[in-house]
Amino acid sequence: MLRKQNLINLKTEKEGIKVLKEAIPSFFVPSKSEKEIIYEKLNIDFKKYSRSVDGIILNVDRISDILNENDVILVEIKSTKAKNIKKLPYGVFFGITKNEEDLFKSLNNYRLCIVHTLSKEYIFLNFTEYESLIKNKRIQYQVNFKKEIES
């Protein structure tokens, strides 16, 4: 059941990425090697935070032109199809990992982007805005058991 929900969530996230690509010409999803370059330039631990950014908005022409945090916006996308959402971001429910939230809290150029894939609307939030909108928050552990040792 969880696997099925994960696949649905992944599909919705991809739809959110498509909405942003259509609406923002400088938005794109960097490759692993491009992300490594960006993280190095911004002194971000790639091993720890490699999955904490879904896309970027470049404020310069190329990744090689990035000199500091003003040159790029790091974007974490949370997509929804909820029909009860009348105005973003109010009423949106989503999951966020500790690493995503830690990076969000520590960087001025990190934005949470809530995308409504049906209305094609989106909103970018900084950490202060995010915190002010939280109605409740709970911790959920994700556990992976190790593989069976073959004898």
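The values are calculated or read from the model by the stated rules, or taken from the named source; none is laboratory data. Computed from a predicted model, the values in this text were never measured in an experiment. We place every Cβ from the backbone using ideal geometry, glycine too, and count neighbours over all the protein chains shown. Accessible surface is based on the protein model in full, side chains and every heavy atom, while ligands, DNA and RNA are left aside. Shrake-Rupley method; radii C 1.70, N 1.55, O 1.52, S 1.80 Å.
Dipole magnitude of the chain about its Cα centre, charges +1 at Lys/Arg Cβ and -1 at Asp/Glu Cβ only, in debye to the nearest 20?
Value, rounded to 20: 900 debye.
Sorted by accessible area with a 1.4 angstrom probe, largest first, how do K14, K78, K86 fall?
K86, K14, K78
Where in the chain lies the longest segment free of GluC sites (Glu not before Pro) that are both loop residues by DSSP (not H, G, I, E, B) and have at most 16 other Cβ atoms within 10 Å?
Result, exposed sites excluded: 1-147.
Past 22 Å, Cα to Cα, is the threshold; run K18/K105; K105/K146; K35/K98 against it and keep the listed order.
K18/K105; K105/K146
Per DSSP H run of n ≥ 4, the term is -39500 (n - 2.57); total these for the chain, divide by its residue number, and report the mean residue ellipticity at 222 nm rounded to 500 deg cm²/dmol.
It comes out at -10000 deg cm²/dmol, rounded to the nearest 500.
For E40 paired with L67, estimate the spin-label separation in nm (one decimal), with each label point 7 Å from Cα along the Cα-to-Cβ line.
1.9 nm
Please give the Cα centre distance for the stretch 17-41 versus the stretch 108-144, rounded to the nearest Å.
Cα centroid to Cα centroid, the span is 18 Å.
Taking a 1.4 Å probe, which of I85, I134 shows the most accessible area, and what order do the others take after it?
The ordering from most to least exposed comes out as I134, I85.
Could you do me a favour and compute the accessible area per residue for the chain, 1.4 Å probe, result in Å²?
Heavy-atom SASA per residue in the chain reads 73 Å².
Quick one: how many Å² of S119 are accessible to a 1.4 Å probe, rounded to 10?
S119 has an accessible surface of roughly 60 Å² with all protein chains in place.
Taking 0.36 nm per residue of sequence separation and subtracting the Cα-Cα distance, how much length would be gained by fully extending the chain between I123 and I139, in nm to one decimal?
3.3 nm
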